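Single-structure report; data block below.
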Amino acid sequence: VVVNGSDCTIESTEIRGTLAQPKDGLLGRGIQVQVGPSLGRANLTVRASVVADNKDVGVFVGGSDALLEGVVVEGTAPPEGDLAFGTGVNAELDIDSLERAKVAVRGSVIAESHSAGLLVRGATAVVEDTLIQGTLATAETEMWGRGVLAADEETTGQRADLTLLGSRVENSLRMGVG
């Protein structure tokens, strides 16, 4: 599912097994929502749904708004061509527009990601009553393995803003929250 500068609501839906691009083995995202060049911010709401067994990122939010309620994001693996990824939920600053992603995750589960369960890079995220578990490192590099990671966006220096409330982060390979 790709949402560019539009509004999208997904309810009681399974998004499963998205494959990487054949030409380079990259991507394979379950849901991607991002600011549109001439359309502005996108708005995504996902409720009571499953995003499972995708490549690269389960739910990617770039410079837009997203609400995930009662969502299971599980089994996100790195794509064949780039073993540094496999992130469950990724919220990022959009480099071109400098729009910050704003993500709310409530009553959800992010499990069995490879690299990070939740990555907030130069963006804002509020996570409530959510379980983040079993984050693994990538097989080739043994890097990452972080349950939750809040980081500055490297190019602009935009700081991440993360609020974690009533949630549980467990069984991450290298780091729970960083």
Only residues in the stretch 151-178 that are in a strand (DSSP E or B) and modelled with pLDDT of 95 or more count as the first member; pair them with residues that are charged (D, E, K, R) and surrounded by 15 or more Cβ atoms within 10 Å (Cβ to Cβ), Cβ under 7 angstrom, at least 6 apart or cross-chain, and list the lot. 165/128
Identify all residues within the stretch 12-51 that are within 18 Å of residue 80 (Cβ to Cβ), of a type in the set (Gly, Ala, Ser) and surrounded by fewer than 16 Cβ atoms within 10 Å (Cβ to Cβ); write none if there are none. 17
Looking at the stretch 35-54 only, could you name the residues that are over 12 Å from residue 73 (Cα atoms) and either part of a loop (DSSP other than H, G, I, E, B) or at pLDDT below 95 (or both)? 35, 36, 37, 38, 39, 40, 41, 42
Taking the conditions exactly as written (open to solvent by less than 50 Å² (accessible area, probe 1.4 Å), of a type outside the set (Val, Ile, Thr) and within 19 Å of residue 173 (Cβ to Cβ)), does residue 118 satisfy them or not? yes
Please identify the pairs in which a residue from the stretch 6-30 that is under 19 Å from residue 88 (Cα atoms) has its Cβ atom under 8 Å from the Cβ atom of a residue that is aromatic (Phe, Trp, Tyr) and open to solvent by less than 60 Å² (accessible area, probe 1.4 Å), counting only partners at least 6 apart or on another chain. 29/60
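Restricting attention to the stretch 7-34, and to residues there that are acidic (Asp, Glu) and modelled with pLDDT of 95 or more, which single residue is nearest to the chain's Cα centre (by Cα)?
That would be 14.
The rows are residues; the columns are (1) within 22 Å of residue 10 (Cα to Cα); (2) in contact with a Gly (Cβ under 6 Å, 6 or more places away or on another chain); (3) open to solvent by 20 Å² or more (accessible area, probe 1.4 Å).
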{"site": "76", "(1), (2), (3)": "yes, yes, no"}
{"site": "87", "(1), (2), (3)": "yes, no, no"}
{"site": "98", "(1), (2), (3)": "no, no, yes"}
{"site": "122", "(1), (2), (3)": "no, no, no"}
Is there a residue being over 14 Å from the mean Cα position of the chain (by Cα) and open to solvent by 10 Å² or more (accessible area, probe 1.4 Å) anywhere in the stretch 52-66? no
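The values are calculated or read from the model by the stated rules, or taken from the named source; none is laboratory data. Just so it is clear, the model here is predicted, and its values are computed rather than measured. With ideal geometry, Cβ positions are generated from the backbone for all residues, glycine too; neighbour counts draw on all protein chains shown. Keep in mind that these areas ignore ligands, DNA and RNA; they rest on the heavy atoms of the full protein, side chains included. Shrake-Rupley method; radii C 1.70, N 1.55, O 1.52, S 1.80 Å.
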